[in-house]
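Report on the structure given below.
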Amino acid sequence: MHFKTIGEKEGLFELVEIPEKFGPLSYPVDDHKIKTYAFTQDDYNPWYFTEDNPFGKRIAHSSILANDLLSLFLTKYNPNTIVGLHTQEELWFHSPVYAGETVTLEGVYVDKYEKRNKGYVVMEAEARGEDGRVLVKHRGIEIMRIHGGSVAAKRTANVEGDVVTGEYDKSIPAAKKATEDIAIGTPIAPLVKHTSAEQSAVYSWIGKYFENIHNNINKAKIAGFDKPVVQGQQQVGYATEFLTNFFGTSWFTSGWEKIKMIRPVLVDEVITVRGVVKDKTVEDGKTKLHLHIWIENEQGEMTIIGWAHAFVGK
């Protein structure tokens with residue numbers, strides 16, 4: 001977290017202004033930030049630690065700025081007053097983040113609405129590199145003020161349209177890499193993650209002068225949970241690692257994912273990221289794969305569902 005100060009505005013839906021701007025906020029993506037993120041995600045791909053990678057110089061994880069973009073509102077709102085729920089995340093990846101470069105983040109609350117007696121706020125934000133290029137764009141939806149006990153271990157969102165069912169043909173061998181000739185219906189090699197209290201706490205900025213349901217057991221229990229909750233955006237990071245493994249370099253320049261959080265994950269749970277190829281299209285002579293992705297807990301229940309696409313790299 002690179003916020004020099006946090007906001008004093010109380011985290012109430014009624015106080016959200018439309019539009020309400022946040023940033024610009026600039027800071028370097030340094031060695032410490034990359035290593036910290038690698039720890040929280042348990043993702044130590046050598047691309048992030050050496051210049052021996054297809055981009056020719058050290059890069060950061062594609063989702064390294066996602067939580068900062070989501071949390072831009074904390075520059076105005078006091079995190080100690082917020083008991084919210086991140087329900088949807090959408091990310092567009094345009095360019096890799098290079099180690100050591102200064103990035104600039106800006107965002108705006110573009111909408112607020114009430115649905116089923118809950119207040120929702122919508123943030124759109126983007127990060128740019130020091131040369132002005134777009135790195136990643138973000139659109140997130142959060143519920144302001146919700147009691148966690150009302151959603152603990154329960155499905156928290158309904159989905160309409162292109163429904164992710166988590167079903168696939170288990171007789172088809174899983175693919176590790178995206179290819180132009182991959183068949184529709186092919187499952188993708190799964191990614192298993194064993195969540196931990198330490199990783200969750202660091203991801204959610206323990207030691208940064210505030211406490212929340214992700215980094216403090218007492219806050220979690222007050223909100224109705226038995227253990228701290230793995231931040232939804234941390235699960236998005238797991239899904240992004242899964243997609244990076246599959247698409248490779250093209251994910252950093254053409255990747256898109258839309259994630260809905262449908263069930264909380266508590267620390268110490270073992271979860272598995274899965275996906276399946278649902279469609280193939282051709283744009284400007286390049287093959288684009290369209291996926292359904294999801295995360296399952298040990299009971300086989302889906303905790304997030306999502307959609308993703310990217311071009312097949314050459």
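Looking only at region 79-87, decide whether some residue is within 21 Å of Asn215 (Cα to Cα), crowded, with 17+ Cβ neighbours inside 10 Å and free of Cβ contacts under 8 Å to residues at least 24 places away in the same chain.
Scanning region 79-87, I find no residue that is within 21 Å of Asn215 (Cα to Cα), crowded, with 17+ Cβ neighbours inside 10 Å and free of Cβ contacts under 8 Å to residues at least 24 places away in the same chain, so the answer is no.
Kindly indicate the residue of region 126-137 that is among the hydrophobic types (A, V, I, L, M, F, W, C) and buried (at least 18 other Cβ atoms within 10 Å of the Cβ) and also farthest from Ile82 (Cα to Cα) among those meeting that condition.
Leu135
Among the residues of region 212-252, write down those that are within 22 Å of Gly140 (Cβ to Cβ), touching a residue at least 60 places away in the same chain (Cβ under 8 Å) and of a type outside the set (A, V, I, L, M, F, W, C).
Asn212, Gln231, Gly232, Gln233, Gln234, Gln235, Gly237, Tyr238, Thr240, Glu241, Thr244
Among the residues of region 39-70, what is the count of those that are under 20 Å from Ser200 (Cβ atoms), in a helix (DSSP H, G or I) and touching a strand residue (DSSP E or B) at 6+ places or on another chain (Cβ under 7 Å)?
4
List the pairs whose first member sits in region 302-314 and is over 10 Å from Ser254 (Cβ atoms) and touching a residue at least 12 places away in the same chain (Cβ under 8 Å), whose second member is of a type outside the set (A, V, I, L, M, F, W, C) and not in a loop (DSSP other than H, G, I, E, B), and whose Cβ atoms are under 6 Å apart, counting only residues at least 6 apart or on separate chains?
Met302/Glu296; Ile304/Gln235; Ile305/Lys260; Gly306/Glu257; Gly306/Lys258; Trp307/Lys258; Ala308/Glu257
Mind telling me which of the residues Glu142, Glu114, Glu126 ends up being out of contact with any Gly (no Cβ under 7 Å at 6 or more places or on another chain), at pLDDT below 95 and in a strand (DSSP E or B)?
Glu114
Looking at Ile304, Ile262, Ile295, which one is touching a Gly at 6+ places or on another chain (Cβ under 8 Å) and open to solvent by less than 40 Å² (accessible area, probe 1.4 Å)?
Ile304
Looking only at region 279-290, decide whether some residue is touching an Asp or Glu at 6+ places or on another chain (Cβ under 9 Å), farther than 22 Å from Thr40 by Cβ, open to solvent by less than 10 Å² (accessible area, probe 1.4 Å) and not basic (Lys, Arg).
Among the residues of region 279-290, at least one is touching an Asp or Glu at 6+ places or on another chain (Cβ under 9 Å), farther than 22 Å from Thr40 by Cβ, open to solvent by less than 10 Å² (accessible area, probe 1.4 Å) and not basic (Lys, Arg), which makes the answer yes.
Looking at region 228-244, is at least one residue more than 20 Å from Glu89 (Cα to Cα), crowded, with 19+ Cβ neighbours inside 10 Å and in contact with a Pro (Cβ under 6 Å, 6 or more places away or on another chain)?
No - not one qualifying residue is present in region 228-244.
Does region 105-125 hold any residues that are surrounded by fewer than 20 Cβ atoms within 10 Å (Cβ to Cβ), farther than 20 Å from Gln231 by Cα and in contact with a strand residue (DSSP E or B) (Cβ under 8 Å, 6 or more places away or on another chain), and which are they?
The answer is Glu106, Val108, Val110, Asp111, Lys112, Tyr113, Glu114.
Condition test on Ile64, is it touching a Pro at 6+ places or on another chain (Cβ under 8 Å) and touching a residue at least 12 places away in the same chain (Cβ under 8 Å)?
Against the criterion (touching a Pro at 6+ places or on another chain (Cβ under 8 Å) and touching a residue at least 12 places away in the same chain (Cβ under 8 Å)), Ile64 does not qualify.
Inside region 206-227, can you point out the residues that are hydrophobic (A, V, I, L, M, F, W, C) and either open to solvent by 30 Å² or more (accessible area, probe 1.4 Å) or in contact with a helix residue (DSSP H, G or I) (Cβ under 6 Å, 6 or more places away or on another chain) (or both)?
Residues satisfying the conditions are Ile206, Phe210, Ile213, Ile217, Ile222, Ala223, Phe225.
Are there any pairs, at least 6 apart or on different chains, whose C-beta atoms fall under 6 Å, with the first in region 172-187 and farther than 14 Å from Gly275 by Cβ and open to solvent by less than 100 Å² (accessible area, probe 1.4 Å) and the second among the hydrophobic types (A, V, I, L, M, F, W, C) and assigned to a loop (DSSP other than H, G, I, E, B), and if so, which?
Pairs found: Glu180/Val312.
Hey, can you tell me all the residues within region 238-264 that are within 12 Å of Ile293 (Cα to Cα), in contact with a helix residue (DSSP H, G or I) (Cβ under 7 Å, 6 or more places away or on another chain) and polar (S, T, N, Q)?
Across region 238-264, there are no qualifying residues.
The values are calculated or read from the model by the stated rules, or taken from the named source; none is laboratory data. Keep in mind it's a predicted model, so treat the numbers as computed, not measured. As a convention, Cβ positions derive from the backbone with ideal geometry for all residues, glycine included, and neighbour counts pool all protein chains shown. When the accessible area is computed, the model is the full protein with side chains, heavy atoms only, and any ligands, DNA or RNA have been set aside. Shrake-Rupley method; radii C 1.70, N 1.55, O 1.52, S 1.80 Å.
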